Amino acid sequence: MTFTWESETLLHTENFSFRADAPHDRNPPPPWPFPIRKPRVIIERYYALLAANTIQNVLEIGYLYGGFALLLADLLPKAKVVGVDIRPEPALVHDRARYYGGSIKATA
Ligand SMILES: C[S@@+](CC[C@H](N)C(=O)[O-])C[C@H]1O[C@@H](n2cnc3c(N)ncnc32)[C@H](O)[C@@H]1O
């Protein structure tokens, strides 16, 4: 699974669109494209780390809106992706990203 950049801040996988470098907005906009609080250069570094595709479990500490957890689950369909956050602000509503209090589980 891979993604393409439409612009410096808009990326698409086969299944979703994400907004990179999204602001930390107390009233986040509707969850499309899904917000990620990371710039393009950092997302690409993570992607390079995923290339071997041997990762089975991901724990994201501080998922905020959940967009990056969903991106990782989409890029790593065999992996289990779980996030925790001390102060989550879920903006993402999707049946592949379920919230449990301060935890999120994202699945392929
Ligand atoms: C920059 S935001 C995370 C952005 C998100 N990972 C992304 O890529 O879109 C940092 C998050 O870390 C969380 N956080 C800070 N300290 C924490 C802690 N001790 N345990 C869990 N989450 C924490 C904050 O509540 C915040 O939501």
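The values are calculated or read from the model by the stated rules, or taken from the named source; none is laboratory data. Everything numeric here is computed off the predicted structure, so don't read it as measured data. Because the Cβ atoms are built from the backbone with ideal geometry, glycine has one as well, and the counts that use them run over all protein chains shown.
List of remarks:
Yes/no per residue for (1) exposed (fewer than 15 other Cβ atoms within 10 Å of the Cβ); (2) touching a Lys or Arg at 6+ places or on another chain (Cβ under 8 Å):
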position	(1), (2)
Glu14	yes, no
Arg26	yes, no
Phe34	no, yes
Asn57	yes, yes
Leu64	no, yes
Ala79	no, no
Gly101	yes, no
Ile104	no, yes
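- Filtered residues of segment 49-67 (kept if in contact with a Gly (Cβ under 8 Å, 6 or more places away or on another chain) and closer than 19 Å to Phe3 by Cβ): Glu60, Tyr63, Gly66
- Selection count where residues are more than 17 Å from Phe16 (Cα to Cα) and under 12 Å from the mean Cα position of the chain (by Cα), scope segment 67-103: 2
Listed here are the residues, each with its yes/no results for (1) touching a His at 6+ places or on another chain (Cβ under 7 Å); (2) closer than 23 Å to Arg98 by Cβ; (3) small (Gly, Ala, Ser).
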site	(1), (2), (3)
Pro33	no, yes, no
Arg40	no, no, no
Ala52	no, no, yes
Phe68	no, yes, no
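- Any hit, segment 19-29, residues being of a type outside the set (Val, Ile, Thr) and within 16 Å of Arg96 (Cα to Cα): no
- Here Leu50 passes the criteria (1) more than 10 Å from the ligand (Cβ to nearest atom); (2) surrounded by fewer than 20 Cβ atoms within 10 Å (Cβ to Cβ); (3) modelled with pLDDT of 90 or more except the one numbered (3).
- Unique match (being of a type in the set (Ser, Thr, Tyr) and in contact with a helix residue (DSSP H, G or I) (Cβ under 7 Å, 6 or more places away or on another chain)) among Thr13, Thr4, Thr54: Thr13
- Segment 61-100, residues that are near the ligand (Cβ under 8 Å from one of its atoms) and either part of a loop (DSSP other than H, G, I, E, B) or modelled with pLDDT under 85 (or both): Gly62, Tyr63, Leu64, Tyr65, Gly66, Asp85, Ile86, Arg87, Pro88, Glu89
- Condition met for Lys38 (assigned to a loop (DSSP other than H, G, I, E, B) and either at positive phi or away from the ligand (no atom under 15 Å from the Cβ) (or both)): no
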